[in-house]
Amino acid sequence: MGDLGLRIEVAGQAKGTVVIDLFEDIAPGHAERLIELARAGAYDGVVFHRVIDGFMAQTGDVQFGATDSGPFDLARAGMGGSDLADLKAEFSDVAFKRGLVGMARSQNPDSANSQFFIMFEDGPFLNGQYTAIGRVIHGMEVVDAIKRGDRQSNGSVRGTPDRMVRVTALD
């Protein structure tokens, strides 16, 4: 394991702890952002708002996806970020395989902010297109149990989505 990581306590349909080893040598700006947001408690209570079976589970919208504080609005979850500036892409040759963690972004490659996703299966079509930020080193069975969204609506989770109860920085 590298020097930086995250411990994520998940609740909902999935229950348990996920540990992510962050790639601070490959994507230092993104790794530091996730650590900064975790230390501030920004990820606590944030839902997995977009979950596509056979692809990935996305979370990290600290603006609209937090159930514990702020204006939680499932209809807007996934549209927000943090108060911090967007990050410049840190693309690498790391393959998007099962368990890999990538940074979500809009069409603009330099628009990643706080949202990230965890791969359920290999996704080679993402290679070189998104910043690879880390990998799950413990708790992939918890990731596999995350409540799936509706494929017809791009993975939007209906009802009560699973959430990150507490995210702790490991450094």
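Values quoted throughout were computed directly from the atomic coordinates according to the rules given, and no laboratory measurement underlies them. Just so it is clear, the structure is predicted and the values come from calculations on it, not from any experiment. Glycine gets a Cβ as well: all are built from the backbone with ideal geometry, and neighbour counts include every protein chain shown.
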| remark: Exception for residue 134 within (1) under 16 Å from residue 99 (Cα atoms); (2) assigned to a loop (DSSP other than H, G, I, E, B) falls at (2)
| field | Matching residues, region 79-137, being among the polar types (S, T, N, Q), in contact with a strand residue (DSSP E or B) (Cβ under 7 Å, 6 or more places away or on another chain) and crowded, with 18+ Cβ neighbours inside 10 Å | value | 113, 115, 131
| task | With the checklist (1) more than 14 Å from the chain's Cα centre (by Cα); (2) assigned to a strand (DSSP E or B) in hand, flag the one item residue 110 doesn't pass. | result | (2)
| field | Residue satisfying condition, being over 14 Å from the mean Cα position of the chain (by Cα), not in a helix (DSSP H, G or I) and not β-branched (Val, Ile, Thr), within set 129, 152 | value | 129
| task | Quick one: in region 143-161, of everything that is of a type in the set (A, V, I, L, M) and buried (at least 21 other Cβ atoms within 10 Å of the Cβ), which residue is farthest from residue 51 (Cα to Cα)? | result | 143
| task | Please verify whether region 82-96 includes one or more residues that are in contact (Cβ under 8 Å) with a residue 60 or more places away in the chain, in contact with a Ser or Thr (Cβ under 7 Å, 6 or more places away or on another chain), more than 19 Å from residue 56 (Cα to Cα) and not β-branched (Val, Ile, Thr). | result | yes
